[in-house]
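Participant: Sharing a structure with you now.
Coordinate-derived values only; no laboratory data. Since the model is a prediction, treat every value here as computed from it, not as a measurement. Heads up, the Cβs are rebuilt from the backbone with ideal geometry, glycines too, and the neighbour counts pull from every protein chain shown.
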């Protein structure tokens, strides 16, 4: 399984935990919810740069997302401009928030709990 990115907004892909906001489609929600706790290859510009575990899948209207989350996810004080590139243009549009844990972080946690 892969999660693809064209930009590493806010250098988030190297963080222990990161989010990604995607346009909501029924098939995507089903797919991601079915794969919670699974490991994904993290792909940046067609190159695998790491692995991450999908920890949660949330669905919200864009206007109901926490503004701080949008800023951190996009690395911009104008996050609505960026998410509009993903086809999420109106505050009423639904989006999916995927929460990932970097596999390196998961390994550290597991060792700490041994």
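Participant: Taking neighbour Cβ counts within 10 Å as the exposure measure, how do 27, 90, 101 sort from fewest upward? All intermediate terms of the calculation are to be shown ahead of the outcome.
Facilitator: Working: 27 7, 90 11, 101 19.
So the ranking, lowest neighbour count to highest, is 27, 90, 101.
Participant: Between residue 37 and residue 2, what is the label-point separation in nm under the 7 Å Cα-to-beta-carbon projection?
Facilitator: Distance between the two pseudo-spin positions: 2.6 nm.
Participant: For segment 1-50, what relative contact order do you get, as a whole percent, if you take Cα pairs closer than 8 Å and at least 6 residues apart?
Facilitator: Numbers: 35 pairs, mean separation 29.8, N = 50.
Relative contact order comes out at 60 percent.
Participant: Rounding to the nearest 10 and keeping the result within 0 to 90°, find how far the Cα-based axis of helix 103-112 lies from the longest principal axis of the chain.
Facilitator: Between the helix axis and the principal axis of the chain, the angle is about 50 degrees.
Participant: Which of 89, 33, 47 moves most in a GNM of the chain, Cα contacts under 10 Å?
Facilitator: 47
Participant: From Cα pairs below 8 angstrom and at least 6 apart in sequence, can you work out the relative contact order of the chain, rounded to a whole percent? Before the final figure, lay out the partial values.
Facilitator: Details: 185 pairs, mean separation 42.9, N = 114.
About 38 percent, as a whole number.
Participant: Sticking with this one: Gain in length, residue 48 to residue 99, computed as 0.36 nm per residue apart minus the alpha-carbon separation, to one decimal in nm? Can you show the working numbers first?
Facilitator: Numbers: separation 51, 0.36 × 51 = 18.36 nm, distance 1.83 nm.
Stretched fully, the residue 48-residue 99 segment lengthens by 16.5 nm.
Participant: Would you mind telling me which residue in 19, 78, 39 has the biggest mean-square fluctuation in a Gaussian network model of the chain, where springs connect alpha carbons within a distance under 10 angstrom?
Facilitator: Largest GNM mean-square fluctuation: 78.
Participant: Among (1) 41, 15, 9; (2) 27, 15, 13; (3) 24, 16, 14, only one was calculated for this model; which label is it, if the read-out is semi-axes √(5λ) of the Cα gyration tensor in Å?
Facilitator: (3)
Participant: Please check: in the Gaussian network model of the chain (C-alpha springs, under 10 Å), which one of 12, 34, 51 has the largest mean-square fluctuation.
Facilitator: 34
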